[in-house]
Amino acid sequence: MRSKEENKILELARSIRQLHPYMGCRKIYAKIKPELRHYGIQIGRDRLFSLFRKNDMLIRRKRNPVRTTNSNHRFKVYKNLVKGKELTYPNQAWASDITYIKTEQGYLYLSLITDLYSRKIVGYEINDNYPLSLYPLCPFCYNTNMKKIPYGIANYEAIKTQGYYFIDKTHFIEKIESLGSKYLFFLRPRRFGKSLFISILEHYYDIAKKDSFNELFGDTYIGKNPTPLRNSFPVLKLNFSGIPVDGGIQDVENSFYFSVKLDIEGFFNKYSNHFPQLENVRRKVLSMEKAADVLNGLIKSLAD
């Protein structure tokens, strides 16, 4: 019996692998779980990993070590002046080093000066250019208002207004408009800043953000070179990341419907002052019982 179950699991997993050769075990498990439930098959994640391992179906991750030190260079190597010396109080000796930090927007370079006695960081500088200037590292120029690194943050307004570091990529907005395409799809891999860039587009084109344009974009490329389409549209943002997919088809459809309805209701609330006529559209659209009808109803009403 167990052998039949394992064969069925492998059959489902291989059918997915044919379409997605590099999909990992966890994602395959999430996708086939509803079908396994339909066939009355119960399997835990650890057992699935063992089954994949036994059948040579685990994805082997390619190691891509990054080397940050190169000792084979033509530059002068200075002596270690503190080797063998006993430090008895702060500020007798400092050491400096530089590293990089990978963010959704690109690489940032971080340089630190550390007091060797107290282990306190007495100076630092962060920038998207290398090499860094050493002047800001001076303890007398210590900047307590140093910008924060936006790790895991994809909200453009939060980054610009809450003191986060931002690498300007707004020049791509100009290039996107020059394509002349009505529909654009962003299919780049994860962790490449796709969500943040979509948030940038949202704030740039949103008519409700018109009064905040200088605050959000004043120091960016597009702020100094705005296009005619800036702050010209109502923006409908749909987020499906929170929809559970481990239930039945009806559960997924219901979650999808409520997610779409909630986002569209937020759309009406946001733009009611800009478009008073939306109130009549609101009642009509939100009374519909299917997500597709709600979306189509909204688009058709706005087009009319």
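The values are calculated or read from the model by the stated rules, or taken from the named source; none is laboratory data. Given the structure is predicted, the values throughout are model-derived calculations rather than measurements. Reconstructed Cβ throughout: ideal geometry from the backbone, glycine too, with neighbour counts over all protein chains shown. All accessible areas refer to the heavy atoms of the entire protein, side chains included, with ligands and DNA or RNA removed. Shrake-Rupley method; radii C 1.70, N 1.55, O 1.52, S 1.80 Å.
Taking the alpha carbon gyration tensor of segment 200-240, multiplying each eigenvalue by 5 and rooting it gives semi-axes of 19, 10, 9 Å, largest first. The slack between S181 and S212, meaning 0.36 nm per residue of separation minus the straight C-alpha distance, is 8.5 nm. Per-residue SASA remark: F75, around 130 Å² accessible (1.4 Å probe; ligands, DNA and RNA not included). Extension gain, H274-L262: 0.36 nm per intervening residue step, less the Cα-Cα distance, totals 2.4 nm. Quick check: the angle from helix 291-303's long axis to the longest principal axis of the chain, C-alpha only, nearest 10 degrees? Helix 291-303 sits at roughly 80 degrees to that axis.
Listed by chain and number, the aspartates and glutamates placed with their C-alpha closer than 18 angstrom to that of K54 are E5, E6, E11, D46; residues fewer than eight positions away on the same chain are left out. In the context of the full set of protein chains, residues of segment 226-291 present 66 Å² of accessible surface per residue (probe radius 1.4 Å, heavy atoms only). For a straight C-alpha distance cut-off of 16 angstrom, the lysines reachable from K33 (same-chain residues fewer than eight places away being disregarded) are K8.
Partners of K85 within straight-line reach, counting lysines whose Cα lies under 29 Å from its Cα and excluding those fewer than 8 residues away in the same chain: K76, K120. With the simple model of a label 7 Å out from the Cα in the direction of the Cβ, R283 to Q162 spans 3.9 nm. In order along segment 32-37, the phi-based Karplus estimate (6.51 cos²θ - 1.76 cosθ + 1.60, θ = phi - 60°) of 3J(HN,Hα) comes to 8, 4, x, 5, 4, 5 Hz; Gly and Pro are listed as x. Oblate is the label for the chain, because the ratio a/c of its alpha-carbon gyration tensor axes (a ≥ b ≥ c) is 1.5 or higher and a/b is not greater than b/c. Relative to the longest principal axis of the Cα atoms of the chain, the long axis of helix 2-19 lies at roughly 80 degrees. For segment 181-257, the convex hull spanned by the alpha carbon atoms encloses 148 Å³ per residue. By accessible area, using a 1.4 Å probe on protein heavy atoms only, the chain has 52% of its surface on carbon and sulfur. For a quick check, take a GNM of the chain with Cα springs below 10 Å and name the residue from K27, K102, K270 with the largest mean-square fluctuation. Result for the chain, Cα springs under 10 Å: K27 fluctuates most.
Placing one equal scatterer on every Cα of segment 212-304 and applying the Debye formula, the log10 ratio I(q)/I(0) at q = 0.15, 0.16 Å⁻¹ is -0.72, -0.78.
For each pair in K31/K160; K160/K224; K175/K270; K148/K224, compute the distance between the two Cα atoms and list the pairs where it is over 26 Å. Over 26 Å apart, Cα to Cα: K31/K160; K175/K270. Projected label points at S232 and K290, each 7 Å from Cα along the beta carbon direction, are separated by 3.5 nanometres.
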